[in-house]
2 protein chains.
Amino acid sequence: MKLGAIEAGGTKFVLAVGNDQGEILEKEVIPTEHPDITVPKVISFFKDKGIERLGLGGFGPIDINETSKTYGQLQKTPKTDWVDYPLGAALKEGLGVPVKIDTDVNVAAMSEAKWGNATDVDTCLYITVGTGIGAGAYFHGQTLKGLSHSEMGHIKVRRHPDDTYEGTCPYHGDCLEGIAAGPSLEKRWGKKGHELAEDDQVWEMEAFYLAQALTSYIYILSPERIIMGGGVMKQKQLFPLIRRKVLEMLNGYVSSPYLTEQEIDNYIVFPGLTDEAGVKGALYLAMKE
Amino acid sequence: MKLGAIEAGGTKFVLAVGNDQGEILEKEVIPTEHPDITVPKVISFFKDKGIERLGLGGFGPIDINETSKTYGQLQKTPKTDWVDYPLGAALKEGLGVPVKIDTDVNVAAMSEAKWGNATDVDTCLYITVGTGIGAGAYFHGQTLKGLSHSEMGHIKVRRHPDDTYEGTCPYHGDCLEGIAAGPSLEKRWGKKGHELAEDDQVWEMEAFYLAQALTSYIYILSPERIIMGGGVMKQKQLFPLIRRKVLEMLNGYVSSPYLTEQEIDNYIVFPGLTDEAGVKGALYLAMKE
């Protein structure tokens, strides 16, 4: 059986035809332009491929509630051309197949659970730290959704005593994304993250913020694995710093063999899938129907 | 069909026999003493009642992972007599029936979803603010569990600028529970909560802390309803303060009709069930098998 998969990002759409074994058979990448340009290209790519269902992991905010009248509709995204655009409905109408929609980070969590670094557990959290900070959870075979999808990058954490930077988030100023995503690193220190690789102070502060967030996610969600990806996490020196600070912050409160010095390296990990995580997660979404 | 239900609290055990329609037929309350005293009393109460299953909502930390070898075993609770006590196994052996175990706050969330103030939604969060702060989530028919159960009261929130109190939590000092549970109110202000009812400063600060926590829970979990119970929440003046501050903190970021001035009163609510919430939740746990 052939299935369609889309990773719909803010700068590009990755389109793929796969099968129900999770194999990608054909792939194409197109830029994210105005929906009147991008969506017809998407439909044209899939039109004669014989797909029976389509899965999409998308940028947000987007309505991922399957029982909602506006399922698959973009909400007030900073990409103004796409605000209120009914992406799910347009694809369903254009292709005549069922369309399943979830967020990019939720399908990345699914993808890691199916093929990546969380295949041995029932619950995992995937976090991306890049241009923004977002996270998706996959618990016992379901992505986390309720009123809407998670917006975990917008929690507040306590400020580092040496940090006076006011934060970049247009909604919340110094929320986690406002002080720890890539753009805030560049504005605070005057250079891009990869140019700061040797500056210990930068990564100590970054780890202080990310470890606080992880500690809150552990207290609230209790995932069995945390996977950290995105551009900022390519600075691999962050991993040992974050792991140590998470253990310090938890201070032994949560009983688990994972939350020990011996096992923390197997608890907070990098992604097992690389570039195809998003589109493979979207394929898995289509497979699961 | 007859079912057993136990609300196992730090000071008392509520024991009930109910039926598969959710009706309580018989109830008894016994004090929480040493397990060698309390558990035989529990077994003796249920022994000849003809129950086919038993549900238990318990104080924690407790192992609630059904696939674990130590399912139903207490962990390092401050109640030292109970540390590592295999409560689930002892009841299963003593009564010869299947025993299902979850936390007190998780079964309270289930109970509110089944019979209380969250019957019209698929996802809800129940928070108790009393001697401690704990929360349970019930999402799409499952309570939230992973590595362990949630410990939502132990997240850190930013400090109020006028608050110099150091916090009561033995593990984390000024985590949420350390600065916003009942004992911290009494230590900070020198009086019990109900004696401070007229002091606006007390409740403004309390609402500042609880609203920050709720905002994080919304970003991370996205529940469709938040129910707040426990001794501190009997100060009803907290509800409008918390609701207003949550809207201010979210600052319009999460799109939902609930998160508006018109509808927030139906989003952050008091419990629909009173004293029987815990034991009815335990009964529902037994019903669901």
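The values are calculated or read from the model by the stated rules, or taken from the named source; none is laboratory data. Source: prediction; values computed, not measured. Neighbour counts run over all protein chains shown; Cβ positions are idealised from the backbone, glycine included. Just the protein is used for accessible areas: all its heavy atoms, side chains included, with ligands, DNA and RNA removed. Shrake-Rupley method; radii C 1.70, N 1.55, O 1.52, S 1.80 Å.
Each row is one residue, and each column tells you yes or no for (1) in a loop (DSSP other than H, G, I, E, B); (2) among the aromatic types (Phe, Trp, Tyr); (3) more than 30 Å from A:ASP20 (Cα to Cα).
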{"residue": "A:GLU177", "(1), (2), (3)": "no, no, yes"}
{"residue": "A:SER256", "(1), (2), (3)": "yes, no, yes"}
{"residue": "A:VAL279", "(1), (2), (3)": "no, no, no"}
{"residue": "A:ALA286", "(1), (2), (3)": "no, no, no"}
- prompt: So is B:LEU273 part of a loop (DSSP other than H, G, I, E, B), touching a helix residue (DSSP H, G or I) at 6+ places or on another chain (Cβ under 7 Å), of a type outside the set (Lys, Arg) and farther than 25 Å from A:GLY173 by Cβ or not?
  reply: yes
Within segment A:191-209, of all residues that are part of a helix (DSSP H, G or I), in contact (Cβ under 8 Å) with a residue 40 or more places away in the chain and open to solvent by 10 Å² or more (accessible area, probe 1.4 Å), the one nearest to A:ASP174 (Cα to Cα) is A:PHE208
For B:TYR138, indicate whether it is closer than 24 Å to A:LEU247 by Cα, among the aromatic types (Phe, Trp, Tyr) and within 14 Å of another protein chain (Cβ to nearest Cβ).
no
Just wondering, is there one or more residues in segment A:14-22 that are under 30 Å from A:TYR171 (Cα atoms) and touching a strand residue (DSSP E or B) at 6+ places or on another chain (Cβ under 9 Å)?
yes
Being more than 23 Å from B:PHE139 (Cβ to Cβ) and touching a strand residue (DSSP E or B) at 6+ places or on another chain (Cβ under 7 Å) narrows B:ALA180, B:ALA197, B:ALA207 down to just B:ALA180
Matching residues in segment A:210-229 (in a helix (DSSP H, G or I) and touching a His at 6+ places or on another chain (Cβ under 7 Å)) number 1
Residue hits (segment A:16-35; open to solvent by 70 Å² or more (accessible area, probe 1.4 Å) and outside any loop (DSSP other than H, G, I, E, B)) are A:LEU25, A:GLU26, A:LYS27, A:GLU28, A:VAL29
Boolean, A:VAL279 is farther than 17 Å from A:ASP163 by Cβ, away from chain B (no Cβ under 13 Å) and not polar (S, T, N, Q): yes
Picked from segment A:119-143 (must be open to solvent by less than 20 Å² (accessible area, probe 1.4 Å) and aliphatic (A, V, I, L, M)), the residue farthest from A:LEU273 (Cα to Cα) is A:ILE133
Would you check if A:THR119 is facing another protein chain (nearest Cβ under 10 Å), of a type in the set (Ser, Thr, Tyr) and under 29 Å from A:VAL254 (Cα atoms)? no
Selection from segment B:174-190 of residues within 11 Å of another protein chain (Cβ to nearest Cβ) and open to solvent by 10 Å² or more (accessible area, probe 1.4 Å) yields B:ASP174, B:GLU177
By residue number, the members of segment B:36-89 that are over 26 Å from A:TYR253 (Cα atoms), touching a Phe, Trp or Tyr at 6+ places or on another chain (Cβ under 9 Å) and open to solvent by 60 Å² or more (accessible area, probe 1.4 Å) are B:LYS41
Scanning segment B:144-165 residue by residue, those at the interface with chain A (Cβ under 7 Å from one of its Cβ atoms), open to solvent by 30 Å² or more (accessible area, probe 1.4 Å) and farther than 12 Å from A:LEU221 by Cα turn out to be B:LYS156, B:ARG158
If we keep only residues of segment B:251-271 that are under 15 Å from the mean Cα position of the chain (by Cα) and surrounded by 16 or more Cβ atoms within 10 Å (Cβ to Cβ), then the residue farthest from the other protein chains (Cβ to nearest Cβ) is B:PRO271
Okay, strands (runs of 3 or more DSSP E) sitting entirely in segment B:86-149 with 1 or more residues that are among the small types (Gly, Ala, Ser), I get B:133-139
Residue set B:GLU248, B:GLU289; condition modelled with pLDDT of 95 or more and more than 18 Å from the chain's Cα centre (by Cα); output residue B:GLU248
Taking segment A:216-243 and the residues there that are within 12 Å of chain B (Cβ to nearest Cβ) and open to solvent by 10 Å² or more (accessible area, probe 1.4 Å), the one that is nearest to the chain's Cα centre (by Cα) would be A:ARG225
A:MET249 meets each of (1) part of a loop (DSSP other than H, G, I, E, B); (2) without any contact (Cβ under 8 Å) to a residue 60 or more places away in the chain with one exception, condition (1)
